[in-house]
Every structure is written in structure tokens, then in C-alpha cells.
Amino acid sequence: MRLLVTGASGFLGKNLLLSLPKETDLTAVYFRSTEFRAFLRTTGLAHVRAVRADLSQPEGVEAVVAEGPFDACVFLAANGDPALSVEQPALDLASNCATLVNFLERCSLGTLVFLSSGAVYDGLRGAVSSDSCPRPRLPYAVSKLAAERYVEHFRSRGKVGRAVVVRFFGAYGPHEPPRKVYTKLVRRFGIQRGRRFTIRGDGQNLIDAMYVTDAVRALRMILDDPPTDRPVFDLCSGRPLTLTELVVRAASAFGVVPEIAYEGEVPEHIEFRSVDRTMADHFGFAPTVELEAGLRLLHDHLRASS
């Protein structure tokens, strides 16, 4: 299989590349990163064809198409910061939606796995699934939901043979951005041995992330056997915590009693939890890395890379 991964220099992209067999015929697209090629060299991924391309521009897509044809694509290219979408909605729309449209206008695929977000349920409360009717207001969620509909449009036109939309609720682990809460927690409690941690907002937002090795294992299952009867479904741990609960458990994992402060507001209020069983029923998938074990693994990675 000739596989294309867009957004390959991001957190999830790097971990997906590391998980794939060395014999995979693999093209990885990146744009802004200045260290991606060095990452490939130092992690045993020299066999990966790296293409630097701006997918928002026709010439960028043409540079990628020239490396094809491709049997399948995992489309990860996106704005990864929901908070940024509030300040720069046009940039978010271009990153999350226009790049996808520009790409699919010019590239045909046998299989497309498009990574959407659980954020599309913005504004809903309680149990949600792909059967829910999202009406988000957060720009990040709006652009992700629009991108989902474009995937269906291009599939119906025959540009994509099989297409699945994965509403991903998040992951944590090695290579995640320093701004992510899990890295902040590990640095504060596990490395600095501090007690005080400040949460933006009231701490009641729900977070439902899995360790990244579980996430990429799930993505590979989806890539190998995309479900034909569920073109849109959720990928989550199914065990959401409030941010306050997460901080308390993270501190406890490192033997620390936290002192929690709260300040400011957050742009999204996550009060929903997924009850979608597609991953369990179709793939027999369930995350295997418990939170405390995952935090210790992230701690070891941060120590080793510092």
C-alpha cells in the first residue's frame, strides 16, 4: 500500500510514522516544521519520503500529487489549537477546511481517513455520538464539521473510494506540543516536583484523551479496515475526567498533593461525553494504557529528551 500522511510533522503524525512497519511505502507531508527532516533521520525513519508543501496552495498540492498515486491517505493537516480559532477564525478555516478541499480537488484516493474532532459536539451536553446533531459555535469546531461534509461531497463525486471521518477526542504522549496540559502536568509534578498548578476556567471542562500509542493503534485499525456502515464515528477513551480531576490524578501519580488555582475563562465548554461504540464493536478496540502509566511514560520521554 502506498500511504500518504498529511500533517506528518505534528504530534499525532510523528507517532503514527513511528508505529508503521518499515516496509510501508510512505510519503509524509509537512509545511511549517524546521526540524521534521532531522526527526526522520534520528528516529530511524530515513525511508520516509518527506514533502514540504503548503496544501492551501495549488502548487503545494501538485508537489504532493507528483509523488503519487496513493492508495490511502491519513489526513492530519489542521490547526491543532482550538483557542487560536477564536482569535483567528479565517486562519483556522483555511487550515482545517480549505486545505482539505484544495487537496481533494486535485488528488484521487482509494481510502481516506480524515481526522476530525470531538469538538464538533461543542454546545451539547451529556451523551453524544455520531448520531447526534452538532451545532457548534467555536470556530475550530465549525471548520471541522464543514470539513466532514466536504469529505462526503468528494466521496459522492468518486474522488475517494472509501472515506471515514474520525471524531478524535485527543491523545497525549511523546512529541506533543509543550502547551498541552499533559506535558505541563508532568513537568510541574513529575520533573519540577512543584505543588501549585493553575487551571484556566473553572476546572469543570471534560477531557477524554488516551495515550498516543493507543491512538495510533486505533488509526492503523481504521486504515486497514474502514467500516463501510459507519462513515463517521468517535475515537475516545470513553473515560472523561474534569480538568480538576485530571490535575489531582496527575499529581498523585508523582506522589504530590496539588495546590490548584483557577483563573480566567476558556473558549470552549466541554460538557459532553461520547457513547459511540464503533471502535469497540467493529474493531474490538479499547485503550490499554492507564492514565498514571501514560503520564510516567511521558515523564521518561521528557527527561530523556531534555
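The values are calculated or read from the model by the stated rules, or taken from the named source; none is laboratory data. As the structure is a prediction and not an experimental result, all values here were calculated from the model. Don't worry about glycine lacking a Cβ; one is built from the backbone with ideal geometry, like all the others, and counts go over all protein chains shown. Heavy atoms of the whole protein, side chains included, go into the accessibility calculation; ligands, DNA and RNA do not. Shrake-Rupley method; radii C 1.70, N 1.55, O 1.52, S 1.80 Å.
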field: Spread of Cα-to-Cα distances over 10 Å intervals beginning at zero, given as percent, for the range 1-116
entry: 14, 49, 31, 6, 0
task: For Rg/Rh (Cα atoms, Kirkwood Rh), several values are listed as (i) 1.13; (ii) 0.95; (iii) 0.99; flag the one computed from this structure.
output: (ii)
Label-point gap, in nm, between K22 and R41 - each point 7 angstrom along Cα→Cβ: 1.9 nm
statement: Computed over the chain, the relative contact order (Cα-Cα under 8 Å, seq sep at least six) in percent reads 18 percent
message: What's the longest uninterrupted piece of the chain once you rule out the trypsin sites (Lys or Arg not before Pro) that are loop residues per DSSP with at most 13 other Cβ within 10 Å?
response: 33-136
Choice from G161, G126, G60 showing the highest fluctuation, given a GNM over the chain with Cα pairs closer than 10 Å: G126
message: As a test question: what accessible area, to the nearest 10 Å², does V29 have when a 1.4 Å probe is rolled over all protein chains in place?
response: 0 Å²
query: What percent antiparallel are the DSSP beta bridges of the chain, to the nearest 5?
result: 5 percent
- line: Other residues with Cβ under 15 Å from the Cβ of E245 give, with Lys and Arg +1 and Asp and Glu -1, a net charge of -2
statement: Along the range 72-86, Karplus-curve 3J(HN,Hα) (6.51, -1.76, 1.60; θ = phi - 60°) to the nearest Hz, with x for Gly and Pro, reads 8, 9, 9, 9, 10, 4, 5, 6, x, 10, x, 5, 4, 5, 6
Crossing angle, helix 291-305 versus the chain [Cα axis fit, 0-90 degrees, rounded to tens]: 80 degrees
statement: Rounded to whole angstroms and listed largest first, the alpha-carbon spread of the range 155-306 along its three principal axes comes to 54, 34, 26
query: Between D54 and residues 5 or more places away or on another chain, which pairs have amide H atoms under 5 Å apart, with H built 1.01 Å from N, and which residues are they?
result: G60
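Can you give the FRET efficiency for E271 and M221, using 1/(1 + (r/R0)^6), R0 = 45 Å, r = Cβ-Cβ distance, to the nearest 0.05?
Numbers: r = 29 Å, r/R0 = 0.65.
Once the sixth-power term is evaluated, E becomes 0.95.
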- request: Pop out the ³J(HN,Hα) list for the range 128-135 in order, Karplus 6.51 cos²θ - 1.76 cosθ + 1.60 with θ = phi - 60°, rounded to Hz; leave Gly and Pro as x.
  value: 9, 7, 5, 7, 5, 10, x, 9
query: In whole percent, how big is the carbon plus sulfur part of the accessible area of the range 49-149, probe 1.4 Å, protein atoms only?
result: 51 percent
task: Search the structure for amide H atoms under 5 Å from the amide H of T111, placed 1.01 Å from N in the peptide plane, and list their residues when 5 or more places away or on another chain.
output: A72, C73, G161, R162
- prompt: Using a cut-off of 22 Å between alpha-carbon atoms, which lysines can reach K144, once sequence neighbours fewer than 8 places away in the same chain are excluded?
  reply: K14, K159, K180
- prompt: Taking a label point 7 Å from the Cα of R187 along the Cα→Cβ vector, which residues of the range 28-49 have an amide N closer than 20 Å to it?
  reply: 33-36
- prompt: What angle do you read, to the nearest 10 degrees and between 0 and 90, between the alpha-carbon axis of helix 243-253 and the longest principal axis of the chain?
  reply: 70 degrees
query: Residue by residue through the range 202-216, which ³J(HN,Hα) values in whole Hz follow from phi under the Karplus form 6.51 cos²θ - 1.76 cosθ + 1.60 (θ = phi - 60°), with glycine and proline marked x?
result: 9, x, 9, 4, 8, 10, 9, 9, 10, 5, 5, 5, 5, 4, 6
message: Using protein chains only and a probe of 1.4 angstrom, how many square angstrom of M1 are accessible, to the nearest 10?
response: 120 Å²
